[in-house]
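Asker: Have a look at this one before I ask anything.
The values are calculated or read from the model by the stated rules, or taken from the named source; none is laboratory data. Bear in mind that the values here come from a model prediction, so they are computed numbers and not experimental data. In this analysis, Cβ positions are derived from the backbone assuming ideal geometry, glycine residues included, and neighbour counts consider all displayed protein chains. Heavy atoms of the whole protein, side chains included, go into the accessibility calculation; ligands, DNA and RNA do not. Shrake-Rupley method; radii C 1.70, N 1.55, O 1.52, S 1.80 Å.
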Amino acid sequence: MKIKYLLPITFVAVALVRLTATTVIPPTFGQLVQQAEFIFQGTVTDVKSVWEGEGGQRHIETYVTFQVQDSVKGENGNSYTIRMLGGTVGDETMLVSDAPKFKVGDRDILFVEHNYDQFVPLVGIGHGRFHIQRDEETGRDIVINDEGEPVKDLAKLGREEESVAAAEAISPEQLKSAVKNQLQAQADHPAQ
């Protein structure tokens, strides 16, 4: 009888250990665009964490809803919700390492894949989120990567960006334009 209850708990514990040990190789810009099923710019309108599952399968999931301002790849209407493993309900928190944290009002460009099928439905986990932030010095919107650094050269994504330290951070419009160009290039030269 005890084994019946211990097995589900063991499986969840092993799954959580695997989640915290996840290593992600940063995708290149081309990989981000190709792998994403949906790419959009949106603003977070709601973040809700809830308990899901029963018994040993019980866990916390967070639902993040966006108002979609611009669909760059794919169409999903004016509102879109992603589901991620982890979050906080009451005084209990379940953390997933490297998973992005969202709050109402965040402005982002997301590269979404396998929503509702994987624990973080973004290409390359945090690498599939580009936060939009106002640059205090210039007053313009710029794109920030998952490490909080301004994105300056899309060709350097997934590689060292140190060589572009003097370059200016790109704007959301420049990122979306580059996605559209990449999509066109992929359509013109499909993988064989």
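Asker: In nm, to one decimal, how far is the modelled label at D135 from the one at Q67, with both set 7 Å along Cα→Cβ?
Answerer: Here the modelled spin labels are 2.6 nm apart.
Asker: Let me ask you something else. Evaluate the distance, in nm, between pseudo-label points positioned 7 Å from the Cα of S79 and of K180 along their respective Cα→Cβ axes.
Answerer: In this crude spin-label approximation the distance works out to 2.8 nm.
Asker: What percentages, rounded to whole numbers, describe P(r) for region 36-176 computed over all alpha carbon pairs with 5 Å bin width beginning at zero?
Answerer: For region 36-176, the binned pair fractions read 2, 9, 18, 22, 19, 14, 9, 5, 2, 1, 0 percent.
Asker: What order, most packed first, do the peptides 127-134, 167-174 have when packing is the mean number of other Cβ atoms within 10 Å of each residue?
Answerer: For the peptides 127-134, 167-174, the packing ranking is 127-134, 167-174.
Asker: OK, next. Which order, highest average first, do 33-46, 70-83 follow once you tally other Cβ atoms within 10 Å for each residue and take the mean per peptide?
Answerer: In descending order of packing, they fall as 33-46, 70-83.
Asker: Right, another one. For E149 and V50, compute 0.36 nm times the residue count separating them, minus their Cα-Cα distance, and round to one decimal in nm.
Answerer: Gain on stretching E149 to V50: 32.5 nm.
Asker: Right, another one. For region 113-124, in order, what is each residue's ³J(HN,Hα) by Karplus, 6.51 cos²θ - 1.76 cosθ + 1.60 with θ = phi - 60°, in whole Hz (x at glycine and Pro)?
Answerer: Couplings: 9, 6, 4, 6, 10, 10, 5, 9, x, 10, 4, x Hz.
Asker: Moving on to the next point. Pairs of Cα atoms under 8 Å, at least six residues apart: use those to get the relative contact order of region 65-134, whole percent.
Answerer: Result for region 65-134 is 27 percent.
Asker: Another question, if that's okay. Show L183, L175 ordered by accessible area, largest first, where the area counts protein heavy atoms only and the probe is 1.4 Å. Could you put the intermediate results ahead of the total?
Answerer: Values: L183 45, L175 0 Å².
Order by accessible area, largest first: L183, L175.
Asker: Also: Restricting the count to DSSP beta bridges whose residues both fall in region 52-171, what percent are antiparallel, rounded to a multiple of 5?
Answerer: About 100 percent, rounded to the nearest 5.
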